[in-house]
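Visitor: One structure, pasted below without further comment.
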């Protein structure tokens, strides 16, 4: 079964849950940035939790369905249509051969996940189908590209209460932060500034990292000996401003880090674009652990 | 000094020291192997780097607290790192020439040095891999001789061709894929050091050893090198 891309949009890539266990080779984890929407789409289609889907950034994406198939679109609030007939996010849509499916530019949030029943059948590299342009692993999706999907015999599908779907329309988002790495080495003034001010996303944000604008910290240490970086870790540059590392970020880095954004708050950051206002709030490890475990349980994630 | 500090809800980092050196590197490499082996069922990622080991773990099976206890048990055990474990030496052929080493001329000028002298100094040392990162299979090799040390470029290049050999301060390394980069380029290898080359990943590990073998321009081309 397959689809043929008509409009690829600015940046559409194949992403699954990520490429785990190879960071010691310098290979980033990659994978769907908005883990919540990605899992939700696969859950609705009753796909395994690591099925490959298409991550569409800023919409303007369409394809021709070459077979009968079930799909589900999640993520940013936007208009989607089948042969110009409006349809809905977060539910199963059945496409017939010859149908044209389209996603318009989203209004506020920025990423959509096009999940397909059975998952995408593309090349596996180091246990994952995720594309990482920076690492030259895979390429972004182009016009006329044919994408194959797995044929599945079961028609088991799920539906969810639409209110369960995450909402990304907030003017101000709060990201919960764990006190990690060099947290205790930052001055009280800098920490107070970090947790009290409202930052905004600068023009530099992508799958690698998100740079923030705001008031500058003043006593930032010069640098640390390069060390392994967790996804979500918050580096403070010598200029005193934060960069939050995303899934395509290099595996090691030498800027001091004031903390790490809780993994389940990353989806909200991943859905944010230029100018989004952000504030930070300290979180306790026990809460993070238990919330993460519940999420893993809900979607059947092994790790 | 030994500190275990959280890095996220399912990750932590072990700091062994605040200074980089070879003996520490051997300890880190030893502990990386031991931890990977003994705690295999809990560990997802393990990144050794200079003075630390980053670990991410499976929260479904173990809590941060429990893992730290297990790590402390391993880390406080007396170890003998003088064992002459066979560390394989990985030889990387390099053509040192101004046509591929775009900064070679500048470096020689700064150091008031002939090319032959530079080549013999850069290629005689058995380098150790202190870290891997920046790009897949990019190995940070140390330490280069004081006689050829130069700072990194003031303005990094937007694209450095794959295979380029660079130097910056006390370190040297090879760019495995085309990528931006701020190191001074002094040569190029015909070898494919990208992760698509499955034969080399066992050599490119923290604690591993690397030596550069000078080759001529003709050898470089005949081994598939691109000018």
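The values are calculated or read from the model by the stated rules, or taken from the named source; none is laboratory data. These numbers were taken from a predicted model, which means no experiment stands behind them. Note that we place each Cβ from the backbone using ideal geometry, even for glycine, and neighbour counts take in every protein chain shown.
Visitor: I need the strands (runs of 3 or more DSSP E) fully contained in the stretch B:1-105, keeping only those with at least 2 residues that are more than 30 Å from residue B:178 (Cα to Cα).
Guide: On the way: elements: B:3-8, B:11-15, B:43-49, B:52-57, B:89-95.
Filter on the stretch B:1-105 gives B:3-8, B:11-15.
Visitor: Take residue B:35 and tell me if it is surrounded by fewer than 18 Cβ atoms within 10 Å (Cβ to Cβ), modelled with pLDDT of 95 or more and within 14 Å of chain A (Cβ to nearest Cβ).
Guide: Details: surrounded by fewer than 18 Cβ atoms within 10 Å (Cβ to Cβ): no; modelled with pLDDT of 95 or more: yes; within 14 Å of chain A (Cβ to nearest Cβ): yes.
Criteria not met by residue B:35.
Visitor: I've got another one for you. Taking only the stretch A:103-133 into account, find how many residues are under 16 Å from the mean Cα position of the chain (by Cα) and either assigned to a strand (DSSP E or B) or crowded, with 19+ Cβ neighbours inside 10 Å (or both).
Guide: The first filter runs over the stretch A:103-133 and keeps only residues under 16 Å from the mean Cα position of the chain (by Cα), leaving A:106, A:108-115, A:128-133.
Add one more test, that the residue is either assigned to a strand (DSSP E or B) or crowded, with 19+ Cβ neighbours inside 10 Å (or both), and what stays is A:106, A:109-115, A:128-132.
Number satisfying all stated conditions: 13.
Visitor: Continuing with the same structure: Check off (1) surrounded by fewer than 22 Cβ atoms within 10 Å (Cβ to Cβ); (2) in contact with a strand residue (DSSP E or B) (Cβ under 8 Å, 6 or more places away or on another chain); (3) within 23 Å of residue A:159 (Cβ to Cβ) for residue A:100 and give me the number that stays unchecked.
Guide: Failed condition: (3).
Visitor: Give the stretch A:236-265 a look and list any residue that's buried (at least 20 other Cβ atoms within 10 Å of the Cβ) and farther than 18 Å from residue A:134 by Cβ, or say none.
Guide: Selection gives A:236, A:242, A:256, A:257, A:258, A:259, A:260, A:261, A:262, A:263, A:265.
Visitor: Moving on to the next point. Do we find a residue being farther than 30 Å from residue A:263 by Cα, more than 10 Å from chain A (Cβ to nearest Cβ), at pLDDT 95 or above and touching a helix residue (DSSP H, G or I) at 6+ places or on another chain (Cβ under 8 Å) anywhere in the stretch B:82-94? Step through it out loud before you land on a result.
Guide: Residues of the stretch B:82-94 farther than 30 Å from residue A:263 by Cα: B:82-94.
Still in the running and more than 10 Å from chain A (Cβ to nearest Cβ): B:82-94.
From what is left, the residues that are at pLDDT 95 or above are B:90-94.
After this cut, where a residue has to be touching a helix residue (DSSP H, G or I) at 6+ places or on another chain (Cβ under 8 Å) as well, the list is B:93-94.
Yes, the stretch B:82-94 contains at least one residue that is farther than 30 Å from residue A:263 by Cα, more than 10 Å from chain A (Cβ to nearest Cβ), at pLDDT 95 or above and touching a helix residue (DSSP H, G or I) at 6+ places or on another chain (Cβ under 8 Å).
Visitor: Still on this model: Quickly run through the stretch A:210-232 and pick out the residues that are assigned to a strand (DSSP E or B) and within 14 Å of chain B (Cβ to nearest Cβ). Break it down into steps so the answer makes sense when it comes.
Guide: Residues of the stretch A:210-232 assigned to a strand (DSSP E or B): A:210-213, A:227-228.
Result: A:227, A:228.
Visitor: Could you please let me know if residue A:162 is surrounded by 14 or more Cβ atoms within 10 Å (Cβ to Cβ), out of contact with any helix residue (DSSP H, G or I) (no Cβ under 7 Å at 6 or more places or on another chain) and under 27 Å from residue A:291 (Cα atoms)?
Guide: Working: surrounded by 14 or more Cβ atoms within 10 Å (Cβ to Cβ): no; out of contact with any helix residue (DSSP H, G or I) (no Cβ under 7 Å at 6 or more places or on another chain): yes; under 27 Å from residue A:291 (Cα atoms): yes.
In short, no.
Visitor: Kindly list the number of the only condition in (1) in a loop (DSSP other than H, G, I, E, B); (2) buried (at least 24 other Cβ atoms within 10 Å of the Cβ) that fails for residue A:42.
Guide: Failing condition for residue A:42: (1).
Visitor: Taking into account only those residues within the stretch A:134-159 that are in contact with a strand residue (DSSP E or B) (Cβ under 6 Å, 6 or more places away or on another chain) and within 30 Å of residue A:200 (Cα to Cα), which is surrounded by the most Cβ atoms within 10 Å (Cβ to Cβ)?
Guide: It comes out as A:141.
Visitor: Could you list all residues from the stretch A:170-181 that are within 14 Å of chain B (Cβ to nearest Cβ) and farther than 9 Å from residue A:259 by Cβ?
Guide: Going through the stretch A:170-181, the residues within 14 Å of chain B (Cβ to nearest Cβ) turn out to be A:175-181.
Residues satisfying the conditions are A:175, A:176.
Visitor: Step by step: first the residues of the stretch A:279-303, then only those that are over 30 Å from residue A:192 (Cβ atoms), over 18 Å from the mean Cα position of the chain (by Cα) and not in a helix (DSSP H, G or I), then the one that is modelled with the lowest pLDDT. Which residue is that?
Guide: Going through the qualifying residues, I end up with A:302.
Visitor: Looking at the stretch B:10-28, which of its residues are within 11 Å of chain A (Cβ to nearest Cβ) and touching a strand residue (DSSP E or B) at 6+ places or on another chain (Cβ under 6 Å)?
Guide: Result: B:10, B:11, B:12, B:13, B:14, B:15.
Visitor: Still on this structure, I have one more. For the stretch A:185-192, does any single residue satisfy the condition of being assigned to a helix (DSSP H, G or I), more than 25 Å from residue A:73 (Cβ to Cβ) and outside the structural domain of residue A:231 (by TED's automatic domain parsing)?
Guide: Of all residues in the stretch A:185-192, those assigned to a helix (DSSP H, G or I) come to A:185, A:188-192.
Applying the additional criterion that residues be more than 25 Å from residue A:73 (Cβ to Cβ) yields A:185, A:188-192.
Among the residues that remain, those that are also outside the structural domain of residue A:231 (by TED's automatic domain parsing) are: none.
No; the residues of the stretch A:185-192 include none that is assigned to a helix (DSSP H, G or I), more than 25 Å from residue A:73 (Cβ to Cβ) and outside the structural domain of residue A:231 (by TED's automatic domain parsing).
Visitor: Going through B:137, B:146, B:184, B:198 one at a time, which residue ends up being crowded, with 22+ Cβ neighbours inside 10 Å and out of contact with any strand residue (DSSP E or B) (no Cβ under 7 Å at 6 or more places or on another chain)?
Guide: Criteria check complete, one pass: B:137.
Visitor: Can you find a residue that is assigned to a strand (DSSP E or B), closer than 19 Å to residue A:175 by Cβ and either in contact with a helix residue (DSSP H, G or I) (Cβ under 7 Å, 6 or more places away or on another chain) or within 11 Å of chain B (Cβ to nearest Cβ) (or both) anywhere in the stretch A:262-278?
Guide: No, the stretch A:262-278 contains no residue that is assigned to a strand (DSSP E or B), closer than 19 Å to residue A:175 by Cβ and either in contact with a helix residue (DSSP H, G or I) (Cβ under 7 Å, 6 or more places away or on another chain) or within 11 Å of chain B (Cβ to nearest Cβ) (or both).
Visitor: Which one of these does residue B:196 not meet: (1) more than 14 Å from chain A (Cβ to nearest Cβ); (2) farther than 23 Å from residue B:148 by Cα?
Guide: Looking at each condition in turn, residue B:196 falls short on (1).
Visitor: Please work out if residue B:161 is within 14 Å of another protein chain (Cβ to nearest Cβ) and touching a helix residue (DSSP H, G or I) at 6+ places or on another chain (Cβ under 6 Å). Before the answer, list the steps.
Guide: Working: within 14 Å of another protein chain (Cβ to nearest Cβ): yes; touching a helix residue (DSSP H, G or I) at 6+ places or on another chain (Cβ under 6 Å): no.
Spelling it out, it is not the case that residue B:161 is within 14 Å of another protein chain (Cβ to nearest Cβ) and touching a helix residue (DSSP H, G or I) at 6+ places or on another chain (Cβ under 6 Å).
Visitor: Next question, about the same structure. Any chance you could count how many residues in the stretch A:147-184 are in a loop (DSSP other than H, G, I, E, B) and either modelled with pLDDT under 95 or in the same structural domain as residue A:106 (by TED's automatic domain parsing) (or both)? Spell out the reasoning first.
Guide: Residues of the stretch A:147-184 that are in a loop (DSSP other than H, G, I, E, B), as a first pass: A:150-161, A:165-171, A:179-182.
With the extra rule that they be either modelled with pLDDT under 95 or in the same structural domain as residue A:106 (by TED's automatic domain parsing) (or both), the set shrinks to A:150-161, A:165-171.
Residues meeting the conditions: 19.
Visitor: From (1) under 26 Å from residue A:19 (Cβ atoms); (2) more than 14 Å from chain A (Cβ to nearest Cβ); (3) within 21 Å of the chain's Cα centre (by Cα), pick out the condition that doesn't hold for residue B:47.
Guide: Failing condition for residue B:47: (2).
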